Structures are given as C-alpha cells and as structure tokens.
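Below: the structure, in structure tokens.
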Amino acid sequence: MSSLTSSAPKLKRDETASLLIRLRRLTRSYAFRIIAQGLITIWAVTTFTFFLIRLMPGNPVDTYIDALMQQRNLTLEEAQRAAAGIFEFDPDEPLVQQYVNFLSKLVRLDLGKSITKGGTPVLDIILRYLPWTLFCVGVALIISFALGVLIGLAMGYWRGGLLDNVMTGFASIISGIPDYILALLILIIFGVQLQWFRVGEVRGGVDPTIEVGFTLEYIGSVLRYAFLPVLIYVLASIGTWILAMKSSTISTLGEDYITVAQARGLSERRVLTSYVGRNAMLPLVTRLAISVGFVVSGSVIIEEMFQYPGLGRNLFVAIAQRDYTTMQGMFLVITSAVVFANILADLALGWLDPRVRLDKKVD
Amino acid sequence: MSEVILSVRNLSVSYLARRGRVRAVSNVSFELHAGETLAFIGESGCGKSTLNLALIRTLPKTGQIDSGTMIYTRRDGQQIDVLKLNKQEHRRWLWSECSMVFQGALNSLNPVIRISDMIYDTAAAHGIPREDARKQALDLLEKVRLDPQRVFNSYPHELSGGMRQRVLLAISLLLRPQIVIMDEPTTAVDILTQRSILDVLKELRRELNFSVLFISHDLAVAAEIADRIATMYAGEIVEIGPVEEIFYRPRHAYTLALLDAAPRLSAGAEELHSIPGSPPDLIMPPPGCKFHERCAFAVASCHTTPPPLRPTHDAACHLVACTESERVLAAQRKIMRQ
Ligand SMILES: Nc1ncnc2c1ncn2[C@@H]1O[C@H](COP(=O)(O)OP(=O)(O)OP(=O)(O)O)[C@@H](O)[C@H]1O
Ligand SMILES: [Mg+2]
C-alpha cells in the first residue's frame, strides 16, 4: 500500500521530466526556431504597420467625405450624412481597443472587412487580386533571374569579350532606370511612335470580352496582356542580376578549385556549370529570396499604368482611401511572403551549399 | 639510367604585370626519367610553381610561355611536344599523362560537390566508365590510408586538411599518369601528418611507379623523397644533380647558402646563416649571374657574364651554373669539418 502511494508521484515526476526534455528538444530544433522567428517577425511588422497607418493624416470617413464633397459638390453636412450610413468604422474608438480587436480576429485568420468597399471581406479582395500579381511578377522574376545569371556567368567567364563589353554597358544603364520610366519609354516608343500595339488595348489583365475559362483563347489573352508589364519588370531588374552574377563569377574564377578542375582535363562546359556557375550563384540566392518576397506586392506604378488588376494597384487605392483593414491585410500578406521566402532561401542555400546544410551527416 | 619521359628545353615563362613583364622562368632545361623523383628547391618566388604550371599549360591568364619545347614520351614510346597539342588533345593529355597536386590543398576541392562527383567528373572527361572510376578511387583512397567509403561520399568541408591532401593525392593518381607534379604537398599540415603523407607517397611510388616533380621549401623533405634535386634561383635552374651530390658536394654558391640556412642539414645547428639581401626583381633582373649581388664568392666576371649550366668535372650528371664552383665546394668542405 505504501509503495503504491510513493510510486505515483515519482511516476508523475518522471513524466514531467521527460515532457520537459522533449519540449526543450523541440524548442532547440531548427524548424521550430525558424518558424517561431518567422511568426515573431510577422507579428512585429504587422503591429508596426497597424499603428503606422493610423498615424497617417486623415481617416477613412474624413477621406470619403472629402471625396464626396469634391466629386458631387455636396456640402459638408450632406456629405457627412451620406457617409454615416456606409461605414461600420468608428474613428473615435481607442487605438488599443482597435488593436486588440484586430489581433483577436487575426488569430482566427479573420482579416476583417474592407472599410470602404461596402464590407467586402479583405481576404476576398486579396484572393481576387493576388494571383494576377503573383503571375505577372513571378514570371518576370524567373525570367530575369535565369537570364541574368546566365548572361552574367558568360560575361564573367569570357571577361573582356564582346558579350561582356556590350552587356556591361547595357546592364549598368538599365539598372539605373526606374521601372515607370522604362514603362513610359516603351509605351511611347513602341506604342505611340512605332505603333506596334495600341496603347489603349494593353490596359487590364485580360480582354474582358473573352469568357473566363481554361481555354486557349483566355490564356492567350492573359499572356498578351501580361507581356508588357512582364517585359518592364524584367528590364528593370535584370541589370542588377547580370552585374551581381558577373562580379561573383569573376571572384569564383580566382579560386584554386577552378584551376584544379581545368587541370584535371574537365570539359569547359562542366567547369562552367558545376564548378564556376554553382559556386558563383550562392551569393545571389539571398538576394533572390528578398525579391521573391516582394513578388506579392508588385509595382504600384506599373500596375496603375497598365490598369493591371494586381495587388499593388489595390494597395495604392486602399492607401488613398485610408482603408485600414484592407491595408493591414495586404501588408500582412507581403510580410508573410517575405518571411516565407527567406525561409525558402535558407533551405535553397542548404541544398546548393553543403557547408550550410543543417543535417550534418548525409551518408 | 631509365629512359627520359619528359625533356624540357629552354622554357621561358613570363607574367604580364602592371609594372611590366615578370620573367618568372627563364631558359629552364631539364630531363625527367621514368620512375624518378625530381625535387625543385629555392626561395619563395623563384618560379617553382610557375615552372610546373607551365608544364601542364595551366598558367593564370596573365602568364604566357614565351619559348621552349617540352617533349613528352608516352608509354607506347610515341613522343609529343606538349606545347604543340591543340586544345582538345591537351585536355585529354592532362591528368591521364600528367597530373598535379596543387599548392594549397584546402582550396583545391570544389566546396559544393562531393568527392565522388569530382572523381566522376574527372573520369567522364577522359571517357572512363563510372563504375571503373569508383573502384579505382576506392582502391586509391584505401592506399592513401583513408576510410574509402566515408571519404568517397563526403563533401570537402567534412574532411581535415591532412585528409584533403591525401584525397588530392589519390585523385592525382586516378588515371594512372606517368608524371605527378606535387607543389608543396606537405607544407600546410603538421609534422606527423607530413610524415604519414610522405610514407604514403613513397609506398605508392614503389607500387605504381610514376615519376614525381616535387616542389618543396623543406630541404629535409626534398632530401628524403627525391632522387635528384634542382636548385632554382630567380627563375633559373642554377644547379641540378643527384640528391647526395647536391647535399654533400654542392657547387653553386646559392645551393650552399640554402643548405647553410636549413636547420637540420647544416653542420652546426647553432650556426644558421640567413642569406643576405633579397631575390632580384624579375622585371629588371641584374646582368651576369643573378645571384652575384648576394654571393660571397662573386668575382668580376659574375657581374657581367651569366655562367652557363655545365657538368662538373667529376660527375657528368651534376650540372651547375657557377664559375666559382670549386671554391664553393671547398667552402662546403670547411663547414662540414667544423
Ligand atoms: N599571376 C601572376 N602575375 C604576375 N606575377 C606573378 C603571378 N604569379 C606569380 N608571379 C610572380 O612570378 C614569380 C614566381 O612565382 P611562383 O609562384 O612561381 O613562385 P614559387 O617559387 O612557387 O614561390 P612559393 O614557394 O612561394 O610558392 C614571383 O616573383 C611572383 O611574384
Ligand atoms: Mg609556389
């Protein structure tokens, strides 16, 4: 009897001890650390933006009233009366109260409703516009990175050659021009001057007369409408990739293992890919991660110019209207994407470079 | 003596530097026999690495071979001029006939791929099936006293410096070349590892019977491993001969000075003499014998006429470029007697 009573708490102590050990192991594991770090980053940035956007002059109601007064020539009272019915938002609610509401909804993955768009759930807005931006900027990033790396590699390897001389100039110039200037130049030169396309017809994401569906016609139209924005994104970013890859290639070429590989009689192609290319790419992976993160936001100006139905343009509108909830939601998506892309970059770097690989022994 | 497999004649190599043309190797001639080990000794910067990189035509982009011939005799007796091979022929000649263990083992392996992949790459470049390459490599890794399976599947960063050095030795023998060039293979490792690498090298040499061009700062190591020694100074071979001749009967003032400066080989260990002055500028080398500015034996003619590399009176295989060789020898005798 006495032995029974004494063993019970002991058992319990063992259990708690083993639970503690397991817990400690979990918190020390790399995956846990990386995820926790990511979540904390997202929370911090979200909190920061939450207060920041509320520090902007004006609030949704006032902004709307201003717009009404200007557009429809209403008096202040008329406008205030018109606005009162539309908003579920009380600008006088204490900030902390708003923040607590926001967080408690967020943990349930509820991003709330748009203040200005008649109560459309923010999530719906994001899901509607995000794919367009993802597609357009994503394709552009892939093209620009792949091309930039290949060109930069060739330039560095055959340094001083024709390609190097031509492309160094091109890349330096183009990487200094902002994307909207590029867009204007292309619209003016190829659209207005050469008339290769009609400027009015390249606005939007797809030809609205074509029925939505998985048809060749629809996809063709999507691609056609994406062509110019993609081209501009590629042109705007490729110069940096080219120059970064070139300088990385040149420094890699100075490494002993390249000379040794050549001395072993390896073919030029092999040396160029497995020895020079792979090592030279390592420093670019981190940069790529940052770019991948911003794929979701797109470029506000480019989307605005082409009336492309992407997230960037809607973010712009949301900011203009002080649509707090929509802004919050979109910033949250962008932050999460950047954090997620950085985790991906860590994994990719581990895959490319065994020295930073996490699972030590791979036999 | 066994047949000559490499005959180098009047080889000159220069680098294009900002200040002008660096004559890193000038008019070097020597022969390498089958199965022998020829060691190059000399101060840092005297052109040892440059000479050997030129032999496999793998100089940096700024370097170029100005003149000379390099006749290589293949196993089937066919003679080829290495400098006349076209790109493709040269690529195949590399490693399968002449391989190299480079100075600086830590950086000689591609950090992002496995040792096995480097071996497969080498084999593929020379048309050898993967499976044969694997067997050969495992066998060689065992011979250099490594755990073959583990090392074969490792990445370079998982190996210690000494292990990497041995891996490089094994890879250099992968295609059974007739000549292996070794540029300071033991400088970066500790004394025990150095010992074991030298033992491994000797064993392999006995078993596989290849010739070695060995570069070393360390005279003791050179004395132990080499059959013949070549002393280099300012891009030239100033003395070459069998190892006992060079160490016990040196005829060149510079060789004597080197021996005198080496701790273990000099007669009185407490009396180490450093060589006064520093090596000459290779862009504007001095006239006459390049060593005359630092030489204790120099006479008037040394300042103007470069002495040719000539056989000594009593040993035809011992060549020296010094007019005062008898005085040098006498001085050596005196040091030894002390
Ligand atoms: N890439 C280069 N460009 C210009 N000069 C060079 C270059 N590489 C070597 N040199 C010069 O050529 C000479 C010979 O250099 P080398 O590397 O062959 O010397 P070394 O005898 O191997 O020296 P160490 O024992 O220190 O390795 C030196 O004077 C060096 O300054
Ligand atoms: Mg060297």
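Pick from B:LEU213, B:LEU168, B:LEU192: which is out of contact with any Gly (no Cβ under 9 Å at 6 or more places or on another chain) and assigned to a helix (DSSP H, G or I)? Result of the check over B:LEU213, B:LEU168, B:LEU192: B:LEU168.
If you filter segment B:36-55 down to residues that are more than 10 Å from ligand 2 (Cβ to nearest atom) and out of contact with any Ser or Thr (no Cβ under 8 Å at 6 or more places or on another chain), you find that the one that is nearest to the other protein chains (Cβ to nearest Cβ) is B:LEU55.
Inclusion of A:MET245 among residues that are under 30 Å from A:PRO60 (Cα atoms), assigned to a helix (DSSP H, G or I) and open to solvent by less than 20 Å² (accessible area, probe 1.4 Å) is not warranted. Segment B:1-103 holds strands (runs of 3 or more DSSP E) entirely within its bounds, and those carrying 1 or more residues that are under 20 Å from B:LEU175 (Cβ atoms) and within 15 Å of ligand 1 (Cβ to nearest atom) map to B:98-101. Kindly check whether there is at least one residue in segment B:251-258 that is aromatic (Phe, Trp, Tyr), crowded, with 23+ Cβ neighbours inside 10 Å and assigned to a helix (DSSP H, G or I). Yes, there is a match, as at least one residue in segment B:251-258 is aromatic (Phe, Trp, Tyr), crowded, with 23+ Cβ neighbours inside 10 Å and assigned to a helix (DSSP H, G or I).
When B:LYS84 is tested against (1) out of contact with any Pro (no Cβ under 7 Å at 6 or more places or on another chain); (2) more than 9 Å from every other protein chain (Cβ to nearest Cβ); (3) closer than 24 Å to B:ARG195 by Cβ, just one condition goes unmet, and that condition is (3).
With respect to B:ILE197, is the statement that it is within 16 Å of ligand 1 (Cβ to nearest atom), more than 14 Å from chain A (Cβ to nearest Cβ) and in contact with a helix residue (DSSP H, G or I) (Cβ under 8 Å, 6 or more places away or on another chain) true? Walk me through it before giving the result.
Numbers: within 16 Å of ligand 1 (Cβ to nearest atom): no; more than 14 Å from chain A (Cβ to nearest Cβ): yes; in contact with a helix residue (DSSP H, G or I) (Cβ under 8 Å, 6 or more places away or on another chain): yes.
Spelling it out, it is not the case that B:ILE197 is within 16 Å of ligand 1 (Cβ to nearest atom), more than 14 Å from chain A (Cβ to nearest Cβ) and in contact with a helix residue (DSSP H, G or I) (Cβ under 8 Å, 6 or more places away or on another chain).
Step by step: first the residues of segment B:155-171, then only those that are at the interface with another protein chain (Cβ under 9 Å from one of its Cβ atoms) and over 15 Å from B:LEU198 (Cα atoms), then the one that is most open to solvent (accessible area, probe 1.4 Å). Which residue is that? So, considering only residues that are at the interface with another protein chain (Cβ under 9 Å from one of its Cβ atoms) and over 15 Å from B:LEU198 (Cα atoms), the one most open to solvent (accessible area, probe 1.4 Å) is B:HIS157. Pairs linking a residue in segment B:38-52 that is open to solvent by less than 30 Å² (accessible area, probe 1.4 Å) to a residue that is within 9 Å of ligand 2 (Cβ to nearest atom), with Cβ atoms under 7 Å and 6 or more positions apart or on different chains, are B:PHE40/B:LYS48; B:PHE40/B:ILE215; B:GLY42/B:LYS48; B:LYS48/B:ILE215; B:ASN52/B:ASP183; B:ASN52/B:ILE215. Contact annotation: residue pairs with Cβ atoms under 8 Å, 6 or more positions apart or on different chains, pairing a residue in segment A:239-250 that is more than 19 Å from A:ILE177 (Cβ to Cβ) with a partner that is among the β-branched types (Val, Ile, Thr) and open to solvent by less than 20 Å² (accessible area, probe 1.4 Å), are A:MET245/A:VAL149; A:THR249/A:VAL276. Being away from ligand 2 (no atom under 16 Å from the Cβ), over 26 Å from B:ALA17 (Cβ atoms) and open to solvent by less than 20 Å² (accessible area, probe 1.4 Å) is the requirement here; does B:ILE197 meet it? Considered against the rule, which asks whether it is away from ligand 2 (no atom under 16 Å from the Cβ), over 26 Å from B:ALA17 (Cβ atoms) and open to solvent by less than 20 Å² (accessible area, probe 1.4 Å), B:ILE197 comes out as yes.
Every condition in (1) open to solvent by 30 Å² or more (accessible area, probe 1.4 Å); (2) under 23 Å from the mean Cα position of the chain (by Cα); (3) not charged (D, E, K, R) is met by A:SER251 except one, and the failing one is (2). Quick one: in segment B:99-150, which of the residues that are surrounded by 23 or more Cβ atoms within 10 Å (Cβ to Cβ), in contact with a Phe, Trp or Tyr (Cβ under 7 Å, 6 or more places away or on another chain) and more than 7 Å from chain A (Cβ to nearest Cβ) is nearest to B:LEU59 (Cα to Cα)? Only one residue fits best here, namely B:ILE115.
Yes or no: segment A:353-363 includes at least one residue that is buried (at least 20 other Cβ atoms within 10 Å of the Cβ) and farther than 28 Å from A:GLY191 by Cβ. Write out each step before concluding.
The initial filter retains those residues of segment A:353-363 that are buried (at least 20 other Cβ atoms within 10 Å of the Cβ), namely none.
No: zero hits.
On inspection, A:ILE219 passes the criterion of being farther than 30 Å from A:GLY169 by Cβ, assigned to a helix (DSSP H, G or I) and open to solvent by 40 Å² or more (accessible area, probe 1.4 Å). Taking the criterion of being more than 10 Å from chain B (Cβ to nearest Cβ), in contact with a Lys or Arg (Cβ under 7 Å, 6 or more places away or on another chain) and at pLDDT 85 or above, the residues of segment A:249-303 that qualify are A:ILE250, A:GLU303.
The values are calculated or read from the model by the stated rules, or taken from the named source; none is laboratory data. Computed from a predicted model, the values in this text were never measured in an experiment. Note: ideal-geometry Cβ built from the backbone for every residue, glycine included; neighbour counts use all protein chains shown. Side chains are part of the model used for accessible areas, which takes the heavy atoms of the whole protein and leaves out ligands, DNA and RNA. Shrake-Rupley method; radii C 1.70, N 1.55, O 1.52, S 1.80 Å.
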